[in-house]
Every structure is written in structure tokens, then in C-alpha cells.
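Structure record follows, encoded as C-alpha cells.
Here, each number is a calculation from the coordinates, and none is a lab measurement. Computed from a predicted structure; not experimentally measured. Glycine gets a Cβ as well: all are built from the backbone with ideal geometry, and neighbour counts include every protein chain shown.
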Amino acid sequence: MSVTRVAAPAPAALYVDVPQEQEAPGAPAHQPRLLCAASNSSQQWSCSNWAGTVSWAPSAVVIPNSEADLAAFLQASAAASAASGSPRPAMKVVGFAHSWAGLYTPAKASDGSAGITLALHKLNGITQVTDTHVEVLAGTSFAQLFQELHAMNLTLAWPPGGIQGLTVGGAVSVGFHGSQMSVGGVSSVVQGLRLLDTSGNAHDLDDSSQPQAMRAARMALGMCGILTRVQLPVTPEFHLRRRRWRVDDMDAFLDQQLPQLKQQYDRFHW
């Protein structure tokens, strides 16, 4: 099994890429952001979200190289727990860690022992694409997804907003909002997905064959298993024109100008 399990006392670090803003090509490139690190002195892991407002200390950071590696790790963990008769440590998946809520922090056991952080960043890229949808691995960032779709003259039919470092799996799991109020969150447009349960078994779900399971899984906050693949709608690539202007009366803008703009433009994001 080729699972990269980086746990204390081996010093190591986990970084996430911060995409460069497209509007400022001459600006310095963003440096990767440190997500988790193992200290040389304490030999313990320390992780933090993007703002430094949520921190946790997992017993290990597991970074699988593939879905098969992740399944093998879960199967081995379940077997070890069954053989010893002791409960398994809690596990949580972390993506970009952009949320201010600690949904990605594994709970501690009753004896105080720390849980395990799973990072799916190596599970990235498009697995299949058609004229209507794309299937993408959960650890793929929106920035990477847009780049790969651009090479095919495609883009997402759902506008995710400006936070391009988010992983697709993380955004779907927590119901990340889009860039306009008239469109639902990313979870609402998911057409199919794959979950791995705690024993490492894969479950492929879609609205046509398992609508109730999809309702539960499409924004499960990690409670239905580990999301490894997602299907999202795509459309031919298009261009947006950006305009900026000052609004002196926000009520007038919302009541009068905004409805007019939405009628004037098929795709109006604000």
C-alpha cells in the first residue's frame, strides 16, 4: 500500500496552493500556505485554518496517492480496530481549510487521544468529461479544474465565486455558496458522486438511481463517508465583462438597478 502517512516523530509539512489572482498578472505569486506541520521538538502535528482561528493537533496526517490507497487505509484501520477490540480513531478530511467552523477537525477519543487528518490533495484531476458534465476527483482545486476545462474550451455551468483554492470535495461537502443569490450552492448542482464508507467500500450515487441517498450525501458535512469523486455540469467556455461603479443608495440598487441588470444580462454576477 502506497499511502503516504506522515506522522510524528518524522518532521514534515503539508501545504496547499493559493491561486494567483487573474486580474493582477504582474503581482508577486502567492506562496503556498502551510496547513499542517510536525514539530521537531514536540514531535506532534499542528494544523490551522486559513485565518489561524481554528487549530488542531491530529495524531497523524494521512495523504493517499489514489482512491485505492485511501480504500486500503480504511480497510486496514477497520481490521486493526476489529482485531484489538478498541474503537477506531476519529477521522476528518481537510481541503483548503477556508471555513471558520472546525468541520475538518477530528474529534478526540474518550481517553483524550487525537484523531487523524485525511488530506486528499493528491486525488486531483478530471477523470471523465462530456459535453454536459465533468467528473473530477475530490482533491482538485477549482483553479486546477478551470485550467483543465479551459484546455477543452469548457467551463463550469455553475459560477463558484472568487475563492479558487477550495477543493471541489470540500466545497460540495459543506454546501459552498456561489457568486449570485439566484443560483444554489455547489451541492445543489452535483449530478453524481462517489463515497467511500468507513470500511473502504465505494458507493457511486446519482439522482436517477438513488435520489434519497443523493439528498443525504450531496452536502453531508462528512457524515456519510469520504467524498472522492464529483460530477458537475459544464458549458462551452464564455467570457464575462466586469464593470465597477459606485452605489450611493444600497436599497435603491437592490430594489431597482439589480433587477434591471439581471434582466439585461443572461449571466450577471455581483
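Measure nothing but the geometry: give the 0 to 90° angle between the long axis through the Cα atoms of 67-84 and the longest principal axis through the Cα atoms of the chain, rounded to 10°.
For 67-84 against the chain, the angle is about 40 degrees.
Quote to one decimal, in nm, the extra length available between S208 and R242 on full extension: 0.36 nm per residue of separation minus the C-alpha distance between them.
8.4 nm
Pop out the ³J(HN,Hα) list for the stretch 248-258 in order, Karplus 6.51 cos²θ - 1.76 cosθ + 1.60 with θ = phi - 60°, rounded to Hz; leave Gly and Pro as x.
Karplus-based 3J(HN,Hα) across the stretch 248-258 equals 8, 10, 5, 4, 5, 4, 5, 7, 10, 5, 4 Hz.
Where in the chain lies the longest segment free of GluC sites (Glu not before Pro) that are both loop residues by DSSP (not H, G, I, E, B) and have at most 14 other Cβ atoms within 10 Å?
24-236
Could you work out the relative contact order of the stretch 126-208, using alpha carbon pairs under 8 angstrom and six or more residues apart, expressed as a whole percent?
Contact order relative to length: 20 percent.
Charges on Cβ only, +1 for Lys and Arg, -1 for Asp and Glu, centred on the Cα centroid of the chain; of V168, S110, Q31, which one is farthest towards the dipole's positive end?
S110
Could you work out how far apart the two model spin labels at A12 and R215 are, taking each label as a point 7 Å from the Cα in the direction of the beta carbon, and quote it in nm?
Each label point lies 7 Å from its Cα, and together they span 4.1 nm.
Charges only on Cβ, +1 for Lys and Arg, -1 for Asp and Glu: so what's the dipole of the chain about the Cα centre, in debye to the nearest 20?
My answer is approximately 420 debye.
Rounded, prolate or oblate: which one fits the stretch 193-270, using the alpha carbon gyration tensor with axes a ≥ b ≥ c (rounded when a/c is under 1.5, else prolate when a/b beats b/c, else oblate)?
Prolate.
Quick one: which residues, 5 or more positions from E237 or on another chain, have an amide H under 5 Å from its amide H? H modelled 1.01 Å from N in the peptide plane, none for Pro or chain starts.
When sequence neighbours closer than 5 places are left aside, the close amide H contacts are L154, T155.
What whole-number value in cubic angstrom gives the convex hull volume per residue for the C-alpha atoms of the chain?
Roughly 177 Å³ of hull volume per residue.
So in the chain, which Cys have no other cysteine's beta-carbon sitting under 4.7 angstrom from theirs?
C224 - these cysteines have no disulfide-compatible partner (Cβ-Cβ under 4.7 Å) in the chain.
For the chain, what relative contact order do you get, as a whole percent, if you take Cα pairs closer than 8 Å and at least 6 residues apart?
It comes to 15 percent, rounded to a whole number.
Can you work out the Karplus-derived ³J(HN,Hα) for every residue in the stretch 97-105? Use 6.51 cos²θ - 1.76 cosθ + 1.60 with θ = phi - 60°, whole Hz, and x for glycine or proline.
6, 8, 6, 8, 9, x, 5, 9, 9
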